[in-house]
There are 2 protein chains.
Amino acid sequence: MKQLEYAFMAKLAIHIKEQLRKGVKKPYKTIIDVSFGDPHKAGVKPLTFARQVIAACTYPKLMNSDKLPLDAKQRAQWLLDRCPGQSVGSYTATAGIPETVHKISAFITRRDGGAPSDPKNIFITAGSQWALMNILNVLVNKQASPRTGVLTPAPGHDKAVLSIVGMGGETIPYYLTEEQGWALQVEELQRALDSAQGVCKPVALYVINPGNPAGHVQSRKSIQEVIRFVSEKRLFLLADEVYQDCVQGENTEFVSYKRVLNEMGPPFSETVELASFHSVSKSVMGECGLRCGYVELVNVDPAVMKHIFTLFSKGSCSPVLGQIALDVMINPPQPGDPSYTLYNQETQHIRDMLIQNAKRVYEVVNSLPGLSCQPVDGGAFAFPRVFLPPKAIKKAKDLGMEPDTFYSVRLLEEAGVFVRPGCGYKQKKDTYHIRFCIMTPRDMMDELLGRLTSFHRKFMMDFA
Amino acid sequence: MKQLEYAFMAKLAIHIKEQLRKGVKKPYKTIIDVSFGDPHKAGVKPLTFARQVIAACTYPKLMNSDKLPLDAKQRAQWLLDRCPGQSVGSYTATAGIPETVHKISAFITRRDGGAPSDPKNIFITAGSQWALMNILNVLVNKQASPRTGVLTPAPGHDKAVLSIVGMGGETIPYYLTEEQGWALQVEELQRALDSAQGVCKPVALYVINPGNPAGHVQSRKSIQEVIRFVSEKRLFLLADEVYQDCVQGENTEFVSYKRVLNEMGPPFSETVELASFHSVSKSVMGECGLRCGYVELVNVDPAVMKHIFTLFSKGSCSPVLGQIALDVMINPPQPGDPSYTLYNQETQHIRDMLIQNAKRVYEVVNSLPGLSCQPVDGGAFAFPRVFLPPKAIKKAKDLGMEPDTFYSVRLLEEAGVFVRPGCGYKQKKDTYHIRFCIMTPRDMMDELLGRLTSFHRKFMMDFA
C-alpha cells in the first residue's frame, strides 16, 4: 500500500516533467527530486580521483595520458595487477579483490582505534542491501512457526523491512524518540521485544546509525546499551553504518558498533554476533550506480558463516568497477600524493554542504508553524514532522490517501518538490512526516526551502 | 560434495602457483586456468570501443581528449544524458536506462526476424544468473508439498541447480544425448517428467542453448519440439541463451526460442511462458566483471510478472557501467562509424579464435585413445569424455574422490592445466568428463592441448 503510494508519486513526477517539457505553465520550471538518497542525481559532483582510477582501469591506454595524475595511474595499475588477466572484465574472488579486502580490514582497524579485524570475515558485495538481504536469508527461517522476528527501527528505511517480510519473517518495530532527536532508547527495545511474545521469535536487531530517515547519530553510551541488550537477549546485531562519513552535528562523531564492542571487552567482544555494512553509494563518494559495498562479520557462528558464504558465492563476485571505487574510498590519496589536495577539497566541499544544508533545514523548517524538525546530526535525510490540520487529514482520507502522502502530492504538484511521505517509513500513530535528501548543492537546497516555505504557508491557510 | 571437490582443486591451484613463485621446479612454468568461463582471465582482450565508452562516461573530461574516437565520445554523451544527474554514479530506473531497454527490444526484433518485443517485458539485471534466481524464486513454491520441480539439463552448469535446491525446489535432470552431439531429445524430456511423478510437481523447463558445458547448438526443429512439449505440459520455459554469439560449428546458427515461438504462431506464440536470458559476460564481449545482463519475459501471467518486478526492484538498479557495456553490445558501431572497422576486427578475431580452438580441440582430443569429444558447435566450453581405466577408477575411489576429479587433479598437478571435472555437471552414471574453456588465445590453446596430450598418454599407461 505504502509502496503503491510512492509508485503513484513517481508516476506523477514523470507526468509533470512531461508537461513541463511540453511548455505547460507551472509556478516552477523544474522538479527538485530529493526523494532518493542519490547525491549525483541531486547535483553533487563525483570525486575526481575515484573516477580517474576507474577510467584508467577500464581503458588502460590512459596510463600513457597526461590527462591523469600519476597517483591515479599508479593506483589503477596496482589494481589491474590484482585483477585476473589484468582486466576489470574478469571475475575476482567471490569476496572481492583479496588485497582490497585486506585494505578494508586495515581501514576498519584504523577507524576503530586499533580494534582487530580479520579479512576472512569481510565480503565485498553488490551493495550493502544485497549483503543485508543475504544475511537475513540465513537468519530468517522460512519454515519456522512461530515466524522469525527482526527488530527494526521506526522510522527506518523500507528495503530491509520489505526483505524480511518477503522472506516470510516478521518485523518488530521499535520507535525512536523524536522529541529527543530520534534517540534509540533501550526501554523501547525491551517493549518491542515484549510485544513479540506469542507473535514471532526475535532473532536479530537491526540498527541504522547514522539514521535513515531519522538523521540521528548514536552516542558511544547508546551503542553500549544496545550491545548489552542484544548480548542479554542473544540477538544477532545488524548495523547499517552506510552513512558513517556523513556526520554534520556539532560535537557529534560517528563511533562504529565494532569499535564499541571491542572497547567493552569480554564477554561482549567475544560473543556478540555483529554484521556491519558500509557502501560506496551512501557515503561522501555517492556512487550508487556502481553497486558496491562490504560487510564485516564479527563473532558469527562458523556454521552460519558457512551458509552466508555459500549465499554470497552464488552471485559470483560484485561489480569490479565498484570494488575499485571502494578501494579508493577506504584508501584515499595521502599527504604528498598529487591528488591529495583536490580529493580533500572535494570531500570537504561535500561535508561543508551537508553541514550548511542541515543547519538551513533546521532553521527554516522550525520557523514555519505546523512543521518541526529535529537536528540532522548525520546521514543524508531530513525527516521533519508535519502537524496537519484536521481538515487536511479529512480531505486525505476522503481521497483514500495517507495524510502525509496527500501533503507530499500537493507539494509535488504545486511546488515541484518531490519528497517521500513518512508513512513509508513507519511512524507513531497520528504523526506525519516527510523525508528529503539534504545531499544537494546549496543553491538547490535554498530553492527547495523557498518552495517548501511558500507551499506550506498556503497549504496551512487552505486547510485552516 | 561436488562443490567441495572443486574448492579443493581451487586451493591446490593456489598452492601450486605459490610453489612456482618460490621457484619450486615443475614440468611447467605457469598454470593454464580454463576452469571458468572468463575470457579476459584466459587472455582474451576486451573490446576497445566498449571500454572507451565506459571510460568516457566515468570521467567525462575525456570527452575533450583526442585519445578517444568521436563515436565513442558521442555514445558516451548520449548515455550520460540519459543518466540522472548526468552521472553513472546515480541509480537508473530499476529495469535499466529506459532508452537502452528500448534498444534491447529493437535488437531482439532485428535478431528474431521481426518478432515483436515489448520493452516493458525486459529487465536489465546484475547478471543473467541473478535474473534467473529471481524468477526461480517466484516459480519455486517454498512451502509446497510435494516440492516444486524444475527440469534441468544434464550435463548443465551448476549455478541454476544450486539455486533451485537452495530454494527448497527439486531438480529433475534430463540427459542430453552425447553420441548425437549432446542433442536434446523430447523423449528424454518425457522420461524425466514421468520420473518426477510422486516426487515433485514440475513447473518449469530450463534449457541452455548454446550448451554449457555441452557445447551443442539446438536446431530450429529441436526448439519447436521443446516448445510443443512445454506447451502441452504447461511448463514455464527458462532459456539460458547467454552464448548466443558464440557459434562456431559449420552450418550451425543460433536461433532464439523467442524467434521460433513467434514463427510457430498461435496458440504457442500467445500462451507459452518464456524467459530468455542474455549477458555481457558470456558473449564475445566477455565482461564478466561488469555484472550485467538482461531477461525478456514473454506471455508471462500478469500476476507472476508483478511478483518478478517486485523482486527485481528490491535490489535497486543493476550496475550502470555494465548497462553501458550492454548498450554497446546490442548496438555496436555501424558501417561508416570511426570505430566500425576496429570493432569488427576485434570481434571477428574472437570468433575466428573460437572456430580454430573448437576444431583443434576436436582433432587433438579425438586422436587420443581413451578420450573422445563431440563437436563444440557453440558456447565457450569443450566437454570431452574420458574413458578411465578400471585401475584409475579404483585408485580414485580408494582416495574418496570422484574418478574424473582424480583425473583433473592429476592433470593440474602434473601438467598445470586447471579444468573442472564432469561430476560437477551431472553426467550419465559411469561416464566421466572434463570441462574447459576454449575462449583462449590460440597459442595458449596449443600449449594446453600439448600438455593434455602428454599427460593423458602417461596417465593411461600408468593405469593400464
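Per the conditions (1) touching a residue at least 60 places away in the same chain (Cβ under 8 Å); (2) within 14 Å of chain B (Cβ to nearest Cβ); (3) within 24 Å of B:Tyr91 (Cβ to Cβ), the sole criterion not satisfied by A:Ser283 is (1). If I filter the stretch A:62-83 down to residues being buried (at least 21 other Cβ atoms within 10 Å of the Cβ) and under 15 Å from A:Leu321 (Cβ atoms), which single residue comes out as farthest from the other protein chains (Cβ to nearest Cβ)? Here the answer is A:Arg75. Against the criterion of being under 24 Å from the mean Cα position of the chain (by Cα) and open to solvent by less than 50 Å² (accessible area, probe 1.4 Å), B:Val320 qualifies. Residues that are of a type in the set (S, T, N, Q) and more than 14 Å from every other protein chain (Cβ to nearest Cβ) were ranked within the stretch B:92-132; the one that is nearest to B:Asn299 (Cα to Cα) is B:Asn121.
Looking across the stretch B:5-58, the residues that are charged (D, E, K, R) and touching a strand residue (DSSP E or B) at 6+ places or on another chain (Cβ under 8 Å) come down to B:Glu5, B:Asp33, B:Asp38, B:Lys41. Of the listed requirements (1) under 26 Å from the mean Cα position of the chain (by Cα); (2) surrounded by 24 or more Cβ atoms within 10 Å (Cβ to Cβ), B:Ile32 misses just one: (2). Hey, any hits in the stretch B:359-371 for a residue that's at positive phi, open to solvent by 10 Å² or more (accessible area, probe 1.4 Å) and either assigned by TED's automatic domain parsing to the domain that holds B:Pro421 or basic (Lys, Arg) (or both)? So far as the stretch B:359-371 goes, yes, one or more of its residues are at positive phi, open to solvent by 10 Å² or more (accessible area, probe 1.4 Å) and either assigned by TED's automatic domain parsing to the domain that holds B:Pro421 or basic (Lys, Arg) (or both).
Taken over the stretch A:395-417, the criterion of being open to solvent by 10 Å² or more (accessible area, probe 1.4 Å) and in contact with a strand residue (DSSP E or B) (Cβ under 7 Å, 6 or more places away or on another chain) is satisfied by A:Glu402 alone. Being within 20 Å of the chain's Cα centre (by Cα) and either of a type in the set (Gly, Ala, Ser) or closer than 24 Å to A:Ala55 by Cα (or both) is the filter here, so list the residues in the stretch B:325-349 that pass it. Within the stretch B:325-349, B:Ala325, B:Leu326, B:Asp327, B:Val328, B:Met329, B:Ile330, B:Thr347 qualify. The C-beta contact set for the stretch A:28-54 (first residue more than 14 Å from A:Gly286 (Cβ to Cβ) and at the interface with another protein chain (Cβ under 8 Å from one of its Cβ atoms), second residue surrounded by fewer than 24 Cβ atoms within 10 Å (Cβ to Cβ) and among the basic types (Lys, Arg), distance under 6 angstrom, 6+ apart or interchain) is empty.
For A:Thr152, the stated conditions hold: it is among the β-branched types (Val, Ile, Thr), over 30 Å from B:Ala42 (Cβ atoms), more than 12 Å from chain B (Cβ to nearest Cβ) and under 23 Å from the mean Cα position of the chain (by Cα).
Can you tell me which residue within the stretch A:306-337, out of those that are out of contact with any Lys or Arg (no Cβ under 9 Å at 6 or more places or on another chain) and at pLDDT below 90, is farthest from A:Phe36 (Cα to Cα)? Only one residue fits best here, namely A:Lys306.
In the stretch A:233-251, the residue that is most open to solvent (accessible area, probe 1.4 Å) out of those that are over 21 Å from A:Glu287 (Cβ atoms) and modelled with pLDDT of 95 or more is A:Arg234. Residues that are among the charged types (D, E, K, R), in contact with a helix residue (DSSP H, G or I) (Cβ under 6 Å, 6 or more places away or on another chain) and either at pLDDT below 95 or not in a helix (DSSP H, G or I) (or both) within the stretch A:65-87 comprise just one, A:Arg82. Residues of the stretch A:366-390 that are over 30 Å from A:Val242 (Cα atoms) and among the small types (Gly, Ala, Ser): A:Ser367, A:Gly370.
Residues of the stretch B:211-267 that are over 21 Å from the mean Cα position of the chain (by Cα) and under 24 Å from B:Gln356 (Cα atoms): B:Asn251 alone. Per the listing B:Leu20, B:Leu62, the residue uniquely more than 26 Å from A:Pro69 (Cα to Cα), outside any loop (DSSP other than H, G, I, E, B), outside the structural domain of B:Ser276 (by TED's automatic domain parsing) and hydrophobic (A, V, I, L, M, F, W, C) is B:Leu20. Residues of the stretch A:325-334 include at least one that is without any contact (Cβ under 8 Å) to a residue 12 or more places away in the chain and open to solvent by 60 Å² or more (accessible area, probe 1.4 Å). Considering the conditions (1) out of contact with any strand residue (DSSP E or B) (no Cβ under 6 Å at 6 or more places or on another chain); (2) closer than 30 Å to A:Leu132 by Cα; (3) of a type in the set (Ser, Thr, Tyr), B:Ser269 is excluded by exactly one of them, (2).
The values are calculated or read from the model by the stated rules, or taken from the named source; none is laboratory data. Because the structure is a prediction, the values reported are computed rather than measured. When we count neighbours, we look across all protein chains shown, and the Cβ atoms used for this are built from the backbone with ideal geometry, even at glycine. Calculation scope for accessible area: heavy atoms of the full protein, side chains included, ligands and nucleic acids excluded. Shrake-Rupley method; radii C 1.70, N 1.55, O 1.52, S 1.80 Å.
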